[in-house]
Amino acid sequence: MNSSVVPSYSVSFDKTFISSLYNEDNVNSDYKTVMKQDLLILMIAYPQYIQDILCENDNVYIVMKSGAKFIYDDKKNKSSEEKLSNPDLQDMLEDIYPLNKTNEIMSKDFNPGRIRHYGLLNEVYGSSKSSVEKNLCSLKYGYTNYQFNKQNNANIALENTLKELVPLSKNNDKIAAILYPASGTYNYRVISGTGRLSPHAYGITIDLKSDKRDYWKWASKEQGESRIREYPEELVSAFEKNNFVWGGKWGYFDILHFEYRPEIILKARYFSQHDNDNNWFAGVPSEDSYVKECISLIDSKIP
């Protein structure tokens, strides 16, 4: 964990206001627990970018290094499409990613990691084509150099994944058949049929070898499941170990797609089996000095 940059806790707040806002009579304790967990996960996932938690006007925000702030819960009832197009942080983290291997297509309304908070991505990886491209570095993969974002250790995560998988592929034809040739990484474009940027536009995604059964628009559920069964567990787990989500675990499946989303994987790793009898932060590496400071900050802002 990179904890070299410790957030500044300089933002002032009114404890009386916060206590009344989050009094157990006003807010369900489970909601408050999940909110605190989500805020902690975001701070662990983006340690050099999130600097504070702000509570004002009945809302909770993360505060970025730039001074930008993003609301945790806008309290709007949204359709699935509205969550995709205009999510808050709670929407993004709502579905808990399953870390177990599956051979079945998920239900259409279960897509952990498919909702992206573009304000957060812009802050971390670049807010324009030129700013993203300044953050790209080359990564050798097979016989090709691929571009990947170096911010927030995204390129290191991909490099570590490939260091594990490339040697395995030499003795495992199933892995080799999916790894090579990859379909690409950085590509500044929008998602077809939408106005939303593709995660490829941020250089945080790799698509492996393409197959006509890979994508929900091209293939039936049965075809998608037949393709999922061809993905070795070792391949999927190597990516997940390094904080990539797999589009094969989405109802709107995108099976060749692996996307660097540390907040999604860390929430699954630390809080998917949370016991309400424990501290709200039970499961995280709370002995880490940076994590301790984050827990203390969140507890002070949201008693």
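The values are calculated or read from the model by the stated rules, or taken from the named source; none is laboratory data. This structure is a prediction, so every number in the text was calculated from the model and none was measured. We place every Cβ from the backbone using ideal geometry, glycine too, and count neighbours over all the protein chains shown.
Annotation note: of Asp88, Asp173, the sole residue that is surrounded by fewer than 16 Cβ atoms within 10 Å (Cβ to Cβ) and either among the acidic types (Asp, Glu) or within 28 Å of Tyr252 (Cα to Cα) (or both) is Asp173. Anything in region 114-162 that is among the hydroxyl-bearing types (Ser, Thr, Tyr), part of a helix (DSSP H, G or I) and closer than 17 Å to Arg189 by Cβ? List them, or say none. Residues satisfying the conditions are Tyr118, Tyr125, Ser130, Ser131.
If I filter region 186-211 down to residues being in contact with a Lys or Arg (Cβ under 9 Å, 6 or more places away or on another chain), in a loop (DSSP other than H, G, I, E, B) and of a type outside the set (Ser, Thr, Tyr), which single residue comes out as farthest from Tyr125 (Cα to Cα)? My answer is Asp211. If you take the residues in region 229-260 that are touching a Leu at 6+ places or on another chain (Cβ under 7 Å) and aliphatic (A, V, I, L, M), which one is surrounded by the fewest Cβ atoms within 10 Å (Cβ to Cβ)? Here the residue is Ala238.
Show the residue pairs meeting these rules: Cβ distance below 6 Å; 6+ apart or different chains; first residue within region 26-52 and within 14 Å of Ser296 (Cα to Cα); second residue hydrophobic (A, V, I, L, M, F, W, C) and at pLDDT below 95. Listed by first residue and then by second, the contacts come to Asp52/Val11. Here the condition is being assigned by TED's automatic domain parsing to the domain that holds Arg116, among the aliphatic types (A, V, I, L, M) and under 12 Å from the mean Cα position of the chain (by Cα); of Val245, Val236, it holds for Val245 alone.
Examine region 177-190 for a residue that is among the basic types (Lys, Arg) and farther than 24 Å from Ile115 by Cβ, and state whether such a residue exists. So that I can check it myself, show each step before the final result.
At the first step, the residues of region 177-190 found to be among the basic types (Lys, Arg) are 189.
From the residues that got through so far, the ones that are farther than 24 Å from Ile115 by Cβ too are none.
Scanning region 177-190 turns up no residue that is among the basic types (Lys, Arg) and farther than 24 Å from Ile115 by Cβ.
If the condition is being of a type in the set (Val, Ile, Thr), touching a helix residue (DSSP H, G or I) at 6+ places or on another chain (Cβ under 9 Å) and not in a loop (DSSP other than H, G, I, E, B), then region 56-102 contributes Val60, Ile62, Ile71. Residues in region 248-289 that are part of a strand (DSSP E or B), of a type outside the set (Asp, Glu) and assigned by TED's automatic domain parsing to the domain that holds Asn160: His257, Phe258, Tyr260.
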